[in-house]
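Each value in this text was obtained by applying a stated rule to the coordinates, not by laboratory testing. Because the structure is predicted, anything quoted here is derived from the model rather than measured. Note: ideal-geometry Cβ built from the backbone for every residue, glycine included; neighbour counts use all protein chains shown.
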Amino acid sequence: MRIFVLTGAGVSAESGLGTFRDKAGTGIWARFDPMKLATPEAFAADPDTVQAFYNARRRNLVEAEPNAAHAALARLEREFAAHGGRLVLVTQNIDDLHERAGSSDVIHMHGELLKSRCTRCGTVAPERGDLGPHSVCLACGEIGTLRPHVVWFGEMPLEMERIEDELLRADLFVAIGTSGSVYPAAGYVSLARDAGIATCEINLEPSDNAFLFDERRYGPASEAVPAFVDEILRRA
Ligand code: NAD
Ligand code: APR
């Protein structure tokens, strides 16, 4: 069985990392203007403010721990690897909690908070500390040219061709903890349906595109995802 899993901020919510939007209106973008913090124009206009926003999230991330949802997806990958089957894990999240729970080959379509990218030479490198005007690119030696290796509004997501190729080869598409409000990720369920692939949404509450899913399961990811994985492994 080939399962394509797309995760969003909701899978990391119980690890203490904030989501961007939710029906209660308590998400990050309800408190901060994404146009001032998550666009290339914002970075060009006020790099210190954008760097400070991501430096604070990077420090939070170092303190966070994976939760049972991350662990269940890592277990599914291990079981499939041992007994046949394939799990492709694509995340919109910029945290490393899937990796820290044991998932391998995670596709980060919005980049990774624990990596920097040099705006001069393009080098992407691991980054656990704060970025700012004094940061030095170890590849080209330039000072002050490092930005978060994160995809902002208006920028192209990463690995789109590979993602769509893997999606069209799946037997089941599962979206976990995403509001279905940002493209192209929000369009993957339609791509799957048009290709005759079964679809399932696992979320705290119905997403913006919940009506497009064949199956819908609601509840905290730390409970709903382990239950889903147990069921898949029983059926496998
Ligand atoms: P989009 O499809 O991601 O979002 C639609 C538009 O909504 C954005 O262009 C933005 O201008 C507008 N918008 C304004 N206020 C908003 C809010 N509070 N919440 C959400 N959207 C708001 O836009 P896009 O420019 O096509 O995005 C391109 C890619 O960048 C997408 O893959 C997107 O997911 C990604 N992205 C990443 C981040 C990040 O922090 N990693 C942030 C935003 C977008
Ligand atoms: N368990 C499951 N789902 C949850 C939980 C939880 N404990 N807590 C919240 N959720 C759900 C919310 O109900 C919401 O539908 O997770 C979803 C999170 O949606 P968003 O905050 O919009 O996050 P996401 O869909 O990942 O956003 C997509 O937008 O700003 C950009 O690049 C950013 O990657 C992000 C993209």
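Note that the stretch 73-89 has calculated 3J(HN,Hα) couplings of 5, 5, 5, 4, 4, 5, 5, 5, 5, 7, 10, x, x, 8, 10, 9, 10 Hz, one per residue in order, obtained from phi through the Karplus relation 6.51 cos²θ - 1.76 cosθ + 1.60 (θ = phi - 60°); glycine and proline are x. Across every direction, the projection of the convex hull enclosing the Cα atoms of the stretch 135-182 has a mean area of 5.7 nm².
When both bridge partners sit in the chain, DSSP labels roughly 30% of those beta bridges antiparallel. Applying 1/(1 + (r/R0)^6) with r as the Cβ-Cβ distance of residue 130 and residue 181 and R0 = 45 angstrom yields a FRET efficiency of 0.90. When the alpha carbon gyration tensor of the chain is reduced to an equivalent ellipsoid, the three semi-axes, largest first, read 31, 19, 17 Å. Computed from phi, the 3J(HN,Hα) profile of the stretch 60-71 under the Karplus parametrisation 6.51, -1.76, 1.60 (θ = phi - 60°) reads 4, 4, 4, 7, 7, 10, x, 10, 5, 5, 4, 5 Hz, with x in place of Gly and Pro. Taking amide H atoms as placed 1.01 Å from N in the peptide plane, the amide H of residue 115 lies under 5 Å from those of 127, 149, each 5 or more residues away in sequence or on another chain.
Note: the stretch 1-60, Cα convex hull, 125 Å³ per residue.
Once you treat every alpha carbon in the stretch 148-236 as an equal point and sum by Debye, what is log10 I(q)/I(0) at q = 0.14 Å⁻¹? Here the Debye-derived log intensity ratios amount to -0.55. Along the stretch 4-16 the Karplus relation, 6.51 cos²θ - 1.76 cosθ + 1.60 evaluated at θ = phi - 60°, assigns HN-Hα couplings of 9, 10, 10, 10, x, 4, x, 6, 9, 4, 7, 8, x Hz to successive residues, with x for each Gly and Pro.
Counted over the stretch 1-134 with a bin width of 10 Å, the fraction of Cα pairs per bin, in whole percents, is 11, 38, 33, 15, 3, 0.
With pairing defined as another cysteine C-beta under 4.7 Å, the cysteines of the chain that fail it are 200. Per-peptide packing, taken as the mean over residues of other Cβ atoms within 10 Å, places 7-16, 220-229 in the sequence 7-16, 220-229 from highest down. In terms of Cα atoms, the Rg and Dmax of the stretch 174-224 work out to 10.3, 30 Å.
A simple spin-label model places pseudo-atoms 7 Å from Cα toward Cβ; at residue 119 and residue 231 they are separated by 4.7 nm. With 0.36 nm allotted per residue and the present C-alpha distance subtracted, the residue 208-residue 23 stretch has 65.6 nm of extension available.
When the chain is treated as a GNM with alpha-carbon contacts under 10 Å, the residue of 127, 161, 215 showing the greatest mean-square fluctuation is 161.
Label sites at residue 30 and residue 190, each approximated as a point 7 angstrom past Cα along Cα to Cβ, lie 2.7 nm apart. Start at zero, step by 5 Å, and the Cα-Cα distances of the stretch 67-179 spread as 2, 11, 17, 20, 17, 13, 9, 7, 3, 1 percent across the bins.
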